[in-house]
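K.L.:
Below you will find the structure I want to go over with you.
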Amino acid sequence: MAELVQQLINGLTLGGIYALIALGYTMVYGIIQLINFAHGDILMVAAYVAFFAITVLKVGVVPALVLAVVFCALLGVAIERIAYKPLRQAPRLAALITAIGVSLFLENGGLWLLGTDFRSFPPGTVNNYTYTLLGGTVRITSMQLLILALTLLVMVILQYIVHYTKVGKAMRAVAYDKEAAALMGINVDSVVSVTFALGSAFAAVAGVLWGLYYNTVHPLMGLMPGLKAFVAAVIGGIGIIPGAMAGGFFLGIIEALVSGYGSSELRDPVVFILLILVLLFRPAGLLGKDTVEKV
Amino acid sequence: MGYFRSKNIAIFLVIIGIYFAVDWLLEEGIITKFQQVNLMLLGINVILATSLNLIVGFTGQLALGHAGFMAIGAYVATIFTVKLGQPFALALAVGSLAAALAGVLIGLPTLRLRGDYLAIATLGFGEIIRGLAVNIEYVGGAAGIMGIPRLTTWPWLYAMTVLTVVAIKNFINSTHGRACLAVRENEIAAEAMGINTTYYKVLAFTLGAFFGGLAGGLYAHYFYLIQPSTFSFLRSFDILVMVVLGGMGSLTGSVIAAAAITLVNALLQDLALLRMVIYAALLVAVMIFRPQGLMGNKELTLNILRPRGGADRGIVGD
Amino acid sequence: MALLETKDLTLAFGGLAAVSGVNLTIGEGELVGLIGPNGAGKTTVFNLLTGIYRPQRGDILWQGRSLVGLRPFQITQLGLARTFQNIRLFGELTVLDNIAISFHWHSRYSLLGAVLRLPSYYRHEGEMRRRAEELLELFGLKQYAQEKAKNLPYGEQRRLEIARALAARPRLLLLDEPAAGMNPQETQALMDFIRWLRQEFSLSILLIEHDMSMVMNLCERIYALDYGQVIAEGPPGEIRRHPRVIEAYLGEEVALALAGA
């Protein structure tokens, strides 16, 4: 029992980070039907921005997080403008290959500029307390609580933006029908930019949390979380915001259970087998239906 | 008519000529050890790029799991030579067939999926193969298999490379290859013209997997060592870069791009990381400014470039 | 026995009946028209006949044999070929290859024959090429044989689509708005061409067309469709005067006039 609760806590923490990343995938897919392969690498960039802010600029965690979020939002917009926008009318294959190119560019650029070393945040960057529950058998750290709190906060903010703001309404309109939205006077280019900015900002939050949680940064650190988060988005139903959240948590818990009760080396194959099963039997995702909320 | 056209004879002589020229250079020691490694890689990359092009460029199905097929070929062939003590030829054949079988099994269900979903499903498949290799103690787990005998010699490599390119080229320039091109161009129309599109998608996928497996077997028996990490999806991306830069739907393009990238890699050995940055930037630039790649879907032939949909006389003429 | 017969053919898209209770009969050698206002369900009927959609109710009989559940390529192989309203050529391939692809399922050499270039390959490829060239000659497209299909002028693309459908050697040819985008002279030439086709290839033809004068002059029998249902059936003279047909078309014109189109 205690073991199970412990794995669920670990799974929720991991799942929260996946959910944050998955949001960006799903928003971008909803708007321009592109699998933004480079999305996971934004996470890596954010972790490095925070890392250098803390080690070189000697700022605290919160300013470092803000810096990373702003930087990545701008980076996301820049990537869209430079690499994806010229291909919006091109076959989807071309756009997808471009996204792979951008991803390889960020990864290899990172390896070239920053080297292949794993780096750690200086000790004491975050004060990590451990709380025990259920008579000391279950442990939860303040870092895990922070991750869960921030994840929930981001989700509330996103729901607010999508449902109660003008730009959110525009996003929903563009996701539903780009041409019609443009005819109604919506600036599609700006909406796409906002989507990339938001998605990248969420990935940046995830990246900084990931770096702090595992206390390492590396140029290829975005690869697997990016891929997994995409799987989460597909499992939840790509293009559906609550789907991305549910998919993220679902995947995180599955991974924790496989690691806890099976072997951590079975984790990745299980995730991808799950992906293929979902694609084959429920390609619209677990939450996908005809009447979906798309963004 | 048939095999004995003057053009075919000329091509045959050129192929034989290249073989003996390189063989002589190897015998005389003019080709250094380092160059030899790259020569072998070049052949393997040509096999990988042309076989992936069959799936992506000619049949229009974006598959990102080619490293998975390569892994199956490498592991199965290695099991046959190292663990079971079977001859190399048999090991290569079984490895390729195993990859082809995997191609059928994964192709049948996934090829129903639309473009980007197919890409993700095949990528996932490649990672599953790798994950399985990590978890199977018999094949060494994450450490892989070491001490594989170096059985991939120049004659083997050259013969297999030529065989692959000629087989794929002959396939494409046949009614079966045209059926694949029709699937790429317009699946609904292809079906309406009496073509079993499912069959041809799976067929292209299976043939591509077969040759991917062949490349894996050759790779394993040259580099002593195979590990699951050798066959990650980054390798699938590398192969895709060759196909895209050479031109999706151009066999000669794939051969040229595979050769060029292998050579550039060798020349810029010391700048390995920067080189990868440049490839990545090139991939994006090509998609934006010249999406048809170096060769488009044209082929380099003896009579210069012909504006054909890749369905005509390729490098070997006819 | 009729060549093709549909019984109570029905298909709805999310509650909206696109085709409902349609009964068609096409006899050997007949030239039949299918008319109706926009959105009446004409192309949906074609998509049902060729297996792209599967009917929710009813049956399609080809010489007495049901086609329901067969895949499009199987239906084509039974002798039913079509063109598309929005041209669907193999754009990046040559005109010759476009034709050759339709010969594909008649080809008689194996995969091994292709890869090993066995004598069967050369014999059958030569034969296919010769027949494709013959067909292009008949259609006046021979000079384009090596052009990419997407580079052909519009009218030639339409003709190539018909040629490609014929290369599949159908007994029944389905033409979806062959005269779309043509001027009166071109339409007249097309009509002569279709009549000649029927003779030359001993075909039956089912034709969707918007151009009333063309359908009335060309077809021996006409089905009029509105809201997915057959509202009239008969020779052109009857259809022309049929009150429900007039109503359906008049309704459309009035609606268009009101919309300011």
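K.L.:
What is the one condition in (1) closer than 18 Å to A:Leu150 by Cβ; (2) at pLDDT below 90; (3) not polar (S, T, N, Q) that A:Gly207 does not satisfy?
P.N.:
In the conditions (1) closer than 18 Å to A:Leu150 by Cβ; (2) at pLDDT below 90; (3) not polar (S, T, N, Q), A:Gly207 misses (2) alone.
K.L.:
Further question on the same structure: Of everything in the range B:21-62 that's of a type in the set (A, V, I, L, M, F, W, C) and assigned to a loop (DSSP other than H, G, I, E, B), which residue is surrounded by the fewest Cβ atoms within 10 Å (Cβ to Cβ)?
P.N.:
Selected residue: B:Ile30.
K.L.:
Can you tell me which residue within the range C:11-49, out of those that are more than 19 Å from C:Gly64 (Cα to Cα) and surrounded by fewer than 18 Cβ atoms within 10 Å (Cβ to Cβ), is modelled with the highest pLDDT?
P.N.:
C:Ala12
K.L.:
Among the residues that make up the range A:259-268, is at least one of them buried (at least 19 other Cβ atoms within 10 Å of the Cβ) and of a type in the set (A, V, I, L, M)?
P.N.:
No, the range A:259-268 contains no residue that is buried (at least 19 other Cβ atoms within 10 Å of the Cβ) and of a type in the set (A, V, I, L, M).
K.L.:
Right, here's the next one. Can you tell me which residue is nearest to the other protein chains (Cβ to nearest Cβ) among those in the range B:140-176 that are crowded, with 22+ Cβ neighbours inside 10 Å and out of contact with any Leu (no Cβ under 9 Å at 6 or more places or on another chain)?
P.N.:
The qualifying residue nearest to the other protein chains (Cβ to nearest Cβ) is B:Thr175.
K.L.:
Separate question: State which residue is nearest to C:Leu4 (Cα to Cα) when the search covers only the range C:42-61 and only residues that are within 13 Å of chain B (Cβ to nearest Cβ), out of contact with any Pro (no Cβ under 6 Å at 6 or more places or on another chain) and polar (S, T, N, Q).
P.N.:
Per the stated criteria, the residue is C:Asn47.
K.L.:
Which condition number in (1) assigned to a helix (DSSP H, G or I); (2) touching a residue at least 12 places away in the same chain (Cβ under 8 Å); (3) of a type in the set (A, V, I, L, M, F, W, C); (4) away from chain B (no Cβ under 14 Å) is the one that A:Ile186 fails?
P.N.:
That leaves (1) as the condition not met.
K.L.:
Out of B:Leu90, B:Leu13, B:Leu101, B:Leu97, which single residue is among the aliphatic types (A, V, I, L, M), in a helix (DSSP H, G or I) and not assigned by TED's automatic domain parsing to the domain that holds B:Lys169?
P.N.:
Step by step, each of B:Leu90, B:Leu13, B:Leu101, B:Leu97 is checked, and only B:Leu13 is among the aliphatic types (A, V, I, L, M), in a helix (DSSP H, G or I) and not assigned by TED's automatic domain parsing to the domain that holds B:Lys169.
K.L.:
Hey, does the range B:220-240 have a residue that's touching a strand residue (DSSP E or B) at 6+ places or on another chain (Cβ under 7 Å) and under 15 Å from B:Asn38 (Cα atoms)?
P.N.:
Yes, some residue in the range B:220-240 is touching a strand residue (DSSP E or B) at 6+ places or on another chain (Cβ under 7 Å) and under 15 Å from B:Asn38 (Cα atoms).
K.L.:
For the range C:86-108, name all the residues that are outside any helix (DSSP H, G or I), more than 7 Å from chain B (Cβ to nearest Cβ) and either small (Gly, Ala, Ser) or more than 17 Å from the chain's Cα centre (by Cα) (or both).
P.N.:
Correct list: C:Arg108 only.
K.L.:
Ok, one more. List pairs: first residue in the range B:246-269 and free of Cβ contacts under 8 Å to residues at least 24 places away in the same chain and within 24 Å of B:Phe171 (Cβ to Cβ), second residue assigned to a helix (DSSP H, G or I) and among the polar types (S, T, N, Q) anywhere in the structure, Cβ distance under 9 angstrom, at least six positions apart or on different chains.
P.N.:
Going by the 9 Å Cβ cut-off, there are no qualifying pairs.
K.L.:
Oh, and also: Among the residues of the range B:177-201 satisfying the criterion of being under 20 Å from C:Arg171 (Cα atoms) and either of a type in the set (Gly, Ala, Ser) or more than 7 Å from chain C (Cβ to nearest Cβ) (or both), which is surrounded by the most Cβ atoms within 10 Å (Cβ to Cβ)?
P.N.:
Step by step, filter the range B:177-201, then rank; the result is B:Ala192.
K.L.:
Output the residues belonging to the range C:187-218 that are part of a loop (DSSP other than H, G, I, E, B) and among the polar types (S, T, N, Q).
P.N.:
Once the filter is applied, which keeps residues that are part of a loop (DSSP other than H, G, I, E, B) and among the polar types (S, T, N, Q), the range C:187-218 yields only C:Ser202.
K.L.:
Then there is this: Any residue at all in the range A:58-79 that's within 14 Å of chain B (Cβ to nearest Cβ), outside any loop (DSSP other than H, G, I, E, B) and either of a type in the set (Asp, Glu) or out of contact with any Lys or Arg (no Cβ under 9 Å at 6 or more places or on another chain) (or both)?
P.N.:
Scanning the range A:58-79 turns up at least one residue that is within 14 Å of chain B (Cβ to nearest Cβ), outside any loop (DSSP other than H, G, I, E, B) and either of a type in the set (Asp, Glu) or out of contact with any Lys or Arg (no Cβ under 9 Å at 6 or more places or on another chain) (or both).
K.L.:
For the range C:126-143, enumerate the residues that are within 14 Å of chain B (Cβ to nearest Cβ), in contact (Cβ under 8 Å) with a residue 12 or more places away in the chain and more than 23 Å from C:Met191 (Cβ to Cβ).
P.N.:
C:Met128, C:Arg129, C:Arg131, C:Ala132
The values are calculated or read from the model by the stated rules, or taken from the named source; none is laboratory data. Everything numeric here is computed off the predicted structure, so don't read it as measured data. Cβ: placed from backbone, ideal geometry, glycine included. Neighbour counts: every protein chain shown.
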